[in-house]
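The values are calculated or read from the model by the stated rules, or taken from the named source; none is laboratory data. If you're wondering where the values come from, they're calculated on a predicted model, not measured in any experiment. Counting neighbours? That spans all protein chains shown, and the Cβs are built from the backbone with ideal geometry, glycine included. The area values use the complete protein model at the heavy-atom level, side chains included, leaving out ligands, DNA and RNA. Shrake-Rupley method; radii C 1.70, N 1.55, O 1.52, S 1.80 Å.
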Amino acid sequence: RHRRLTVQWRQDWRSRSRECWSMQAEYLKACVGSVLADGIAQTVLMRPDDPIDYLAQYLLKSVADKEAAELLQKDIQREQQAVQQRKESASAEQAEKDRKLAQEKAQLSKEDSEFAAGLSAASSLDEVCNAAASYIRARIGVSSYVAMTDLPEKEPVAKTVAAEAAAAEPAEGEPTEGERGEEQAEEGEEAPSKLKFVPQTLKYVFATGTDERLLVGKQLLRPKAATEDDEEGAAPVRGVGEGVSFDAVDAYLAGTQTILHVPSAIQNKSVKFYYIPRTGAFAVAPFVNADGEVKGVFSADALGTGRKFTEEELAILAKTAKDVG
């Protein structure tokens, strides 16, 4: 019986040993089999004087190369993650910009619609000015005011037509208007053009906020020559606070510009201040009647802000003045 137990023990031990060696072999094959095989192959190929040291150095270098490759892979992954995060951040920022831009466009469209509706519903000059001032305050955030010229009021249409018809009837023996036109055409003469009305006075009729008390009711006269002794046609005195609104009117009548922009009002000595001079821009845009005659000016200022108007803001002011007209 003792012999049978001994034999059985030896068989069990051998079985466990085979299992253990099998597990160790699998471990070595999985962990170092490939690099060891490469190292042995490289040693055989190079046949160094000390093959054991050569194989050991090869294995150490393999470990260092593996660690370096792992670090490089981690760096690449971190960079890829950073790039992805930047892309997501840029995408989120662009989405936010698009959202704000859409909101701004919707707000601007709403303000334009409200302004158009206000003008359509206006039944008096004061209501028209209020609608325009509210629009400019919302779009640009500045003060505005309106001054009317001394343009004579038009006569009733029926009376005007009758007067023109009476004036058109030629006296006995005189050529008719058509005949006169034919004679002028044959002689190469140009028909006289209608003279444009040149305003001499601007009277402020509307202003926003505190400007109402300072401006409404005041008049601005066209600059005159220095003294009565000056020759006829002498240039008016400039740079004495005489105002620049008539410069805007004259430029409009000459067809050179639709709006006058003074980027720094305090540096322009011709700008007329009705209160303490302040830094900021000033703009004047004339508006006309159906006959193209200037009947007023729409002005705006950014005084106290120190800024000038942008091209977009000037375009808005010019269009508003046109709508007021």
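Quickly work out the Lys322-to-Gln257 label distance, labels modelled 7 Å from Cα along the C-beta direction, and quote it in nm with one decimal.
Each label point lies 7 Å from its Cα, and together they span 1.8 nm.
Where nothing but the Cβ of Lys and Arg (+1) and of Asp and Glu (-1) is charged, how large is the charge dipole of the range 39-80 around its Cα centre, in debye to the nearest 20?
Result for the range 39-80 is approximately 120 debye, rounded to the nearest 20.
Quote to one decimal, in nm, the extra length available between Arg278 and Leu71 on full extension: 0.36 nm per residue of separation minus the C-alpha distance between them.
Additional length available on full extension: 68.1 nm.
With a probe of 1.4 Å, find how much accessible area the range 237-324 has per residue, and write the answer as a whole number in Å².
47 Å²
Step by step: find N for the range 267-325, compute 2.2 N^0.38 Å, then divide the Cα radius of gyration by it. What's the final number?
Compactness ratio reported: 1.25.
What is the Cα radius of gyration of the range 48-135 over 2.2 N^0.38 Å, N being its residue count?
In units of the 2.2 N^0.38 Å rule of thumb, it is 2.89.
Kindly flag which residue pairs out of Lys196/Lys322; Lys29/Lys74; Lys110/Lys269; Lys196/Lys308; Lys97/Lys308; Lys154/Lys322 have an alpha-carbon separation exceeding 29 Å in this structure.
Lys110/Lys269; Lys196/Lys308
Could you work out how far apart the two model spin labels at Lys110 and Lys61 are, taking each label as a point 7 Å from the Cα in the direction of the beta carbon, and quote it in nm?
7.4 nm
Kindly state, to the nearest 0.05, the FRET efficiency for Gln200 paired with Gln81, given R0 = 51 Å and r defined as their beta-carbon distance.
The computed FRET efficiency comes out at 0.10.
How much FRET efficiency would the formula 1/(1 + (r/R0)^6) give for Ala95 and Arg137, where r is the Cβ-Cβ distance and R0 is 45 Å, rounded to 0.05?
After rounding, the FRET efficiency stands at 0.90.
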